[in-house]
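A quick write-up on the structure given underneath.
The values are calculated or read from the model by the stated rules, or taken from the named source; none is laboratory data. Quantities reported herein were computed from a predicted structural model and do not represent experimental measurements. Heads up, the Cβs are rebuilt from the backbone with ideal geometry, glycines too, and the neighbour counts pull from every protein chain shown. SASA here: full protein model, heavy atoms, side chains in, ligands and nucleic acids out. Shrake-Rupley method; radii C 1.70, N 1.55, O 1.52, S 1.80 Å.
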Amino acid sequence: MIKPPFKILKSHLVDAFFITAEKLYREFEEPLEAVDRFRSGRIYFLVKRRKARFSSVCLSKKCQIVFKYASQGMLSRPHKVNIAQLLHGAPAINKKYFPTPAHLQSMIQYVKSADEYERLLKREPLVAAVMPGSGEKERADRAIAYHFLTPADPTPKDKNRHIIFAHQLLRVTDDLPEKYEVMYIGKAMELSDRMDGHKRVQQAQAECEDEAEIYLYFFTPRFEAMASRDGMAIKQPNDYLNLGEENLVLAAEAGLINYFSPEMNVQNKTTDLRKSKAMTRVKSLKYTHFISECNFDEHDYAFETTKIRKSGAHEKIYLL
């Protein structure tokens, strides 16, 4: 319990978004630049998770992705995921006509080529189709590609080509990794910082054990303040806005590093936060406390380190 008088600045993370490192490059680079949560992400975590790989995967004639996970070895059972289950959340799907994935699945058929789909449309003008993807960009052990064809967009092209990675299906099949270890926390104020080959990403990947890999998580920090002299009259000061975005992000980053103590960080890891340069400007505005919060409900955000237990709820109050 914080006793008055106090003036508190609090940081919490929103707009969570994660990718595998390879999505910073190759054919994903341009589409990724258009993702708002990626563009606005100012704080990033490098997180070590178990590798998700296919031992086998195909698009079946029942319009399902049928696959096995390599990590489960001899015990791996075949999984089947309806294509509609993956597509139904897309903005292009008219929820009035397809209120559930089952409705959408009933209107999709499997085809091997665009010509076959053209012939199908002559018989059934409203039917959609899935067609296996192909080409040099495929990653047989970790991803499968397919084209989703509709009467309005009947030919296979980049915009109707979908790539599904093995890790994206973990949540669908409830095969969740047991660890989400935060290895490094950093800030990225410019888009180029997120797109360039970051030496920490390369280092983290190089030091991973064979069964693990690195994911990049991006977040947007949000801030709020509260002050009181007697504990009764509560004010919400906004003078912290004068610090500017970069100074605020520096403070948020410092609090998270100090709390999680990730293996690869150096600065702010063991420092008394009151002595950190990142907090100098905050203290100059007479703030007495800084609260760092990282709370998420989903399994993919249940973070941990060697010093912090796995949880989706992390919060620490720092006395300034």
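Below, the figures for the structure above:
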item: Cβ-derived FRET efficiency at R0 51 Å, Ala90 paired with Phe6, nearest 0.05; result: 0.65
item: Segment 35-84-segment 267-281 distance, computed between alpha-carbon centres (Å); result: 39
item: Contact order normalised by residue count of the chain, Cα under 8 Å, 6+ apart, percent; result: 28
item: Accessible surface ranking that places the most exposed of Met1, Met226 first, with a 1.4 angstrom probe; result: Met1, Met226
item: Accessible surface, 1.4 Å probe, highest first, among residues Lys95, Lys275, Lys269; result: Lys275, Lys95, Lys269
item: Total lysine pairs whose alpha carbons fall under 28 Å of each other in segment 77-169 (8 or more apart, or interchain); result: 21
item: Estimated inter-spin distance, Asp272 and Leu126, nm [label 7 Å along Cα→Cβ]; result: 7.2
item: Semi-axis lengths, Å, the chain, gyration tensor of Cα atoms, sqrt of 5 times eigenvalues; result: 45, 22, 17
item: Once exposed loop chymotrypsin sites (Phe, Trp or Tyr not before Pro) are cut out (DSSP; at most 11 other Cβ, 10 Å), longest piece of the chain; result: 98-320
item: Reachable lysines from Lys307, criterion Cα separation under 21 angstrom, eight or more residues apart if same chain; result: Lys48, Lys179, Lys269, Lys316
item: Long-range amide H partners of Ile291 with built H, under 5 Å; result: Leu9, Lys10, Ser11, Tyr318
item: Computed E for Ser106/Asp15 - FRET, C-beta separation, R0 35 angstrom, nearest 0.05; result: 0.50
item: Rounded FRET efficiency, nearest 0.05, which uses the C-beta distance separating Arg309 from Glu211 and R0 of 22 Å; result: 0.50
item: Pair Arg139, Arg171: separation of 7 Å Cα→Cβ label points (nm); result: 1.8
item: Average Cα contact separation per residue, segment 88-167, under 8 Å, 6 or more apart, as relative contact order %; result: 22
item: Considering only the chain, percent of DSSP beta bridges that pair antiparallel, nearest 5; result: 85
item: Calculated Rg and Dmax of segment 38-105 using C-alpha coordinates, Å; result: 16.7, 43
item: Stokes-Einstein D for segment 228-307, Kirkwood Rh over Cα pairs, 10 °C, 1.306 mPa s (µm²/s); result: 110
item: Helix-only mean residue ellipticity at 222 nm for the chain, each DSSP H run of n ≥ 4 adding -39500 (n - 2.57), per residue, nearest 500; result: -5500 deg cm²/dmol
item: Segment 77-169 shape via C-alpha gyration tensor axes, a/c threshold 1.5; result: oblate
item: Rounded to 5, the percent of DSSP beta bridges in segment 77-169 classed as antiparallel; result: 75
